[in-house]
Amino acid sequence: MKITVIGAGSTYTPELVKGFIELHESLPLTELALMDIHPERLQIVGGFCKRIVATHGSPFQVTLTTDRHEALSDTSYVITQFRVGMIPARREDEYLGLRHGLVGQETTGIGGMAKALRTIPVMLDIARDMERIAPGALLVNFTNPSGLITEALTRYAPQVTAVGLCNSPITMKMEILHNLKEKQGLVLPEDAVQKSELNALGLNHLCWYRGFSLYGEDLWPQIFTAYLAELRTDPTPEWDADMVESLGMIPNSYLKYYYNTAHKLAEQAKWPPSRAEQVLQIESSLLEQYADPSLVDTPPDLMKRGGAWYSTLATQVINSHYNNLNEIQVVNVRHNGSVPGYPADWVLELPCRINAAGIHPLPAEPLPLVAFGLLAQIKSYEILAAKAGAFGDRQAAYQAMLAHPLGPKPEQISNVLDDLLKTNQAYLPHFQ
């Protein structure tokens, strides 16, 4: 079996390789094709990955290529984790927001829209290549903004089966299991990760956690009570305890950009360094370490990059799909009526059962009105932004900004859109 990684020059790739090594007894991987358009970076990261695999007895072959067609040929799974414009483009996304008094962030608000507009045309090209070269392969997308990109794929490349992944829900699951063990003294079975289910609903980076079970036993009441108690005793709580109690749900951390907007704007007013500028330094150090021929395991500095449990989620989704395991993971797919009353063609982040037949959304109760209004607003933005990215449609881009609650005021939109398009003109030649 061949698995392809597009954007394999990412400093995350060695973690992914280790995930496949851990599963080599159950997943008959023979070739891991690492593809990137940056040959020097690919050689550094790919060379390090080859050393990791060799150290573990070479359970599969690692191949390197800058040719996408070669990478996709005869592959069963395609993992996309690329960044159009690299980290410097992310920095521009952040400062685009700052220039106009808006949130400047990689996936949220105006920065997330800029990243999506750059990314969607490339992702649709990959989907078209997959249709010709790797028909039937599953596209596992980590490229941000993951939910919006998956929305675009689902609408404009329906010939390819795509699932959007994010490490936020699995990180939440792992934190809950850790707290159950360390703070509540619960003895956990070895397969607790596979046998536990997180009840989540929303969009990628706009999601609410509202339930948790282990071996079918509902543990959410004690988890939520303990979480609220910590908020009320923490001198610097993550959330306002009264708000969380009213919601009856734990918000995904990215909801801070909506619930605590003023605080986030105050934080970015202190730049530099922005997060992108921090990441540039972290990646420079990581690549220097990866180039060391004596390094055969991921260095501690990789944790500074973020993305905890990324490889765990990616490999478990593929393993469950290939081996028909029926495991449940929180992923991004079109819900197809699983949530009563929601348009069936919306891509949502929700629990899905994963087996050889596909990725199947589980029936889910709709969100309460207090959360649904925000979800509907952002989904409207996503659909418009997906259209803008797919067709270079300026009118759709304008309306996407108008629909977004963190977007510019109507009288600002034309100027902000002009700035976005000028800043990204090298990546958006198709825009009208």
In the chain the DSSP beta bridges are antiparallel at a rate, in percent to nearest 5, of 55 percent
In the neighbourhood of Ala54 defined by beta carbon distances under 14 Å, the net charge of the other residues (Lys, Arg +1; Asp, Glu -1) is +2
Listed residues Glu25, Glu151, Glu277; largest mean-square fluctuation, Gaussian network over the chain with Cα springs below 10 Å, found at Glu25
So Gln425 and Ser285, fully extended at 0.36 nm per residue minus their Cα-Cα distance, gain in nm 47.4 nm
Relative contact order in percent for the chain (Cα pairs under 8 Å, 6+ apart) equals 18 percent
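What does the charge count around His335 come to, taking other residues whose C-beta lies under 10 Å from its C-beta (Lys +1, Arg +1, Asp -1, Glu -1)?
-1
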Taking r as the C-beta separation of Asp234 and Lys270 and R0 as 22 Å, the FRET efficiency to the nearest 0.05 is 0.45
Counting only DSSP beta bridges with both partners in segment 123-263, the antiparallel fraction in percent, to the nearest 5, comes to 80 percent
Residue by residue through segment 190-196, the couplings from Karplus 6.51 cos²θ - 1.76 cosθ + 1.60 with θ = phi - 60°, in Hz, x for Gly and Pro, are 4, 9, 4, 5, 6, 9, 9
On the accessible surface of the chain, probed at 1.4 Å with all protein chains in place, carbon and sulfur together account for a percent value of 51 percent
So for R0 = 41 Å, FRET eff. of Glu190-Arg132 from the Cβ-Cβ r, to 0.05, ends up at 0.40
GNM on the chain, Cα springs under 10 Å; top mean-square fluctuation among Ala356, Ala386, Ala134 goes to Ala356
Residue-normalised value, i.e. accessible area per residue, for the chain at 1.4 Å probe, in Å², stands at 41 Å²
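Tell me the relative contact order for segment 145-256 as a rounded percent, counting alpha carbon contacts under 8 Å between residues six or more apart.
21 percent
Evaluate the Kirkwood expression for the hydrodynamic radius of segment 292-356, namely the inverse of the mean inverse distance over all pairs of different C-alpha atoms, and round to one decimal in Å.
Working: mean 1/r = 0.0695 Å⁻¹.
Evaluated over segment 292-356, this radius sits at 14.4 Å.
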Taking Cα pairs closer than 8 Å and at least 6 residues apart, the relative contact order of segment 331-432 in percent is 17 percent
One finds the C-alpha centres of segment 147-177 and segment 225-268 to be spaced, in Å, by 24 Å
The answer for Glu349, listing residues at least 5 apart or on another chain whose modeled amide H is closer than 5 Å to its amide H, is Gly202, Leu203, Asn204
Over all directions, segment 14-132 yields a Cα convex hull whose mean projected area in nm² is 8.5 nm²
Rounded to the nearest 10 Å², the 1.4 Å probe accessible area of Glu70 is 110 Å²
Segment 90-144 and segment 370-432 have their Cα centres apart by a whole-number Å value of 13 Å
Within the under-11-Å Cβ sphere about Leu428, not counting Leu428, Lys/Arg +1 and Asp/Glu -1 give a net charge of +3
In Å³ per residue, the alpha-carbon convex hull of segment 333-432 encloses 128 Å³
A student asked for the Cα radius of gyration and Dmax of segment 19-87 in angstrom ought to give 12.6, 37
Residue-normalised 222 nm signal for the chain, counting each DSSP H run of n ≥ 4 as -39,500 (n - 2.57), nearest 500 deg cm²/dmol, is -15500 deg cm²/dmol
Going through Lys264/Lys304; Lys2/Lys181; Lys18/Lys173; Lys256/Lys409; Lys50/Lys304; Lys115/Lys264 one by one, the pairs whose alpha carbons sit over 27 Å apart turn out to be Lys2/Lys181
Taking only the Cα positions of segment 260-404, the convex hull volume per residue in Å³ is 200 Å³
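Output the DSSP H helices from the chain with an along-axis C-alpha extent of no less than 24 Å and a mean Kyte-Doolittle hydropathy no less than 1.0.
Span-like helices, by this rule, are 369-391.
The values are calculated or read from the model by the stated rules, or taken from the named source; none is laboratory data. Note that the structure is a prediction, hence the values are computed from the model and not measured. Virtual Cβ from ideal backbone geometry, glycine too; neighbours counted across all protein chains shown. These area figures cover heavy atoms from the full protein model, side chains too; ligands, DNA and RNA do not enter into them. Shrake-Rupley method; radii C 1.70, N 1.55, O 1.52, S 1.80 Å.
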